[in-house]
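> My questions will all concern the structure given below.
The values are calculated or read from the model by the stated rules, or taken from the named source; none is laboratory data. No experiment lies behind these values; they were computed from the predicted model shown. Methodologically, a virtual Cβ is constructed for each residue, glycine included, from the backbone with ideal geometry; neighbour enumeration extends over all protein chains shown. Each accessible area value is taken on the protein alone, full model and side chains, heavy atoms only, with ligands, DNA and RNA left out. Shrake-Rupley method; radii C 1.70, N 1.55, O 1.52, S 1.80 Å.
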Amino acid sequence: MRKAGEIPEAAQARRFGDYLLAQGIENRVEDTAGGAAVWILDDADLAAAQAALAEFLLDPANPKYEKHREAEATRRGAAREQELAHKRFVDVRARLARRGRPMVTVAIISLCVGLFTLFSFGPGPGAMRLYNKLLFASGHGRLLVDLEDGQLWRLVTPVLLHAGLIHLGFNMLWVYNLGRQIEVMRGRRVYAALVLGVAVVSSLTQYVWEGPYFVGMSGVVYGLFGYVWMQARFMQAPDLWIDKNNTVLMLGWLVACMTGLLGPVANAAHVGGLIAGGIAGSGPFLKRRLLASRRQR
């Protein structure tokens, strides 16, 4: 929040604040000893607000600054949206509490944590052999050879392995937050099928793009995110929910990883998982819309 400037009369400052709000610039007006200060919530709006203030001070009585009704309508709309968001959040939490424990989610997290512990603290030869068996491809790096030998689990098991404690913690946090919603609201079978399907798609995408040497649940996490995001977007009364801040965080992290500044990251797995989850989440709604449009022709 940055100060655009001060106005000698508090009433004029509030009038100017209403004008800015009607123009889509969120602001706060605070009384001061010399009048009132106008604060801009978004730094990106500061320059426009300062330019508008300079113009306002030249002719504060101009009728174009009478925007009280528009500003009040904007405030009421924002308050309603905030109230609806709070209700949706509370409703999702209440439903999650009523419908039972997310056992598949707990099992996934427990398995990932258990394997990380096994392979991190003095693994013996047996543990290393198991680790190699869980990678996407064996030492020769040729997936088709492994699949011909019946090692189909390699399409999924790399998502259970993690390269470090931060890597593990970040992924498990999102698996719990997103996965338990899907499991409780859509059922364990749907959730398990979604996890397996996204794991295969994200792993194959990463393999085709960069090769067989990768680990981590992040591709599945982006698949769960894509599913919840699209379900919340397309359902009239969504029972799955992710707020705007976390949506921006997930998409921002995706872009940040692609810059290469964060080190080696399985970006293709992220993108593949996001697309797969997004299709799974939006597919039924898009199909119904397509069928409805055909009937109207």
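> Quick one: length gained pulling A61 to R28 fully straight, 0.36 nm per residue minus the C-alpha distance?
9.8 nm
> Please give the residues of the stretch 116-137, grouped as numeric ranges, whose backbone N is less than 20 Å from a label point set 7 Å along the Cα-to-Cβ vector of W153.
So the set is 116-121, 123-137.
> Taking H placed 1.01 Å from N in the peptide plane, check which residues at least 5 places from N27 or on another chain put their amide H under 5 Å from its amide H.
Long-range HN contacts for N27: L41.
> While we're on this one: Report the Cα centroid-to-centroid distance between the stretch 1-32 and the stretch 108-131 in angstrom, as an integer.
Cα centroid to Cα centroid, the span is 59 Å.
> Another one. List the residues of the stretch 180-217 whose backbone N lies under 19 Å from a point placed 7 Å from the Cα of S138 along the Cα-to-Cβ direction.
212-214
> I would also like to ask the following. Using a 1.4 Å probe and ignoring any ligands, DNA or RNA, find the accessible area of E30 and quote it in Å² to the nearest 10.
Only protein atoms counted, so the area is about 90 Å².
> OK, next. What translational D, rounded to a whole number of µm²/s, comes out for the stretch 130-185 from Stokes-Einstein when the hydrodynamic radius is the Kirkwood one over Cα pairs, at 20 °C and 1.002 mPa s?
For the chosen part, D equals 165 µm²/s.
> Could you tell me the relative contact order of the chain? Use alpha-carbon pairs under 8 Å, at least six residues apart, and round to a whole percent.
Relative contact order for the chain comes out at 15 percent.
> Using Cα-only point scatterers and the Debye equation, what is log10 of I(q)/I(0) for the stretch 119-219 at each q in 0.12, 0.13, 0.15, 0.21 Å⁻¹, rounded to two decimals?
Result of the Debye calculation: -0.44, -0.52, -0.68, -1.15.
> If you take every residue apart from V195 with its C-beta less than 13 Å away from the C-beta of V195, what net charge results, scoring Lys and Arg +1 and Asp and Glu -1?
Neighbour charge sum, excluding V195 itself: +3.
> Can you figure out the FRET efficiency of R101 with V248, using R₀ = 35 Å and their beta-carbon distance, to the nearest 0.05? Mind dumping the intermediate values first?
Values: r = 30 Å, r/R0 = 0.86.
My answer for the efficiency is 0.70.
> Let me ask something additional. Can you tell me the relative contact order of the stretch 161-297? Whole percent, Cα pairs under 8 Å, sequence separation 6 or more.
Relative contact order here is 32 percent.
> Let me ask something else about it. Considering only Cα-Cα distances, which of the following residue pairs are longer than 32 Å: K3/K64; K67/K287; K133/K287; K64/K244?
The pairs that break the limit, which is 32 Å between Cα atoms, are K67/K287; K133/K287; K64/K244.
> Also: Can you pull the percent of the stretch 4-47's accessible area that's carbon plus sulfur, 1.4 Å probe, other chains left in place?
C and S atoms contribute 45 percent here.
> By how many degrees, between 0 and 90 and to the nearest 10, does the Cα long axis of helix 46-58 differ from the longest principal axis of the chain?
Result, in degrees: 10.
> Dipole of the chain (Lys/Arg Cβ +1, Asp/Glu Cβ -1, origin at the Cα centre): which of G17, V156, L168 lies farthest to the positive side?
V156
> Then there is this: Using the Kirkwood formula over every pair of different C-alpha atoms, what hydrodynamic radius in Å results for the chain?
On the way: mean 1/r = 0.0437 Å⁻¹.
Evaluated over the chain, this radius sits at 22.9 Å.
> Rounded to the nearest 10 degrees, what's the angle between the helix 244-258 long axis and the longest principal axis of the chain, both from Cα atoms, 0 to 90?
Helix 244-258 sits at roughly 60 degrees to that axis.
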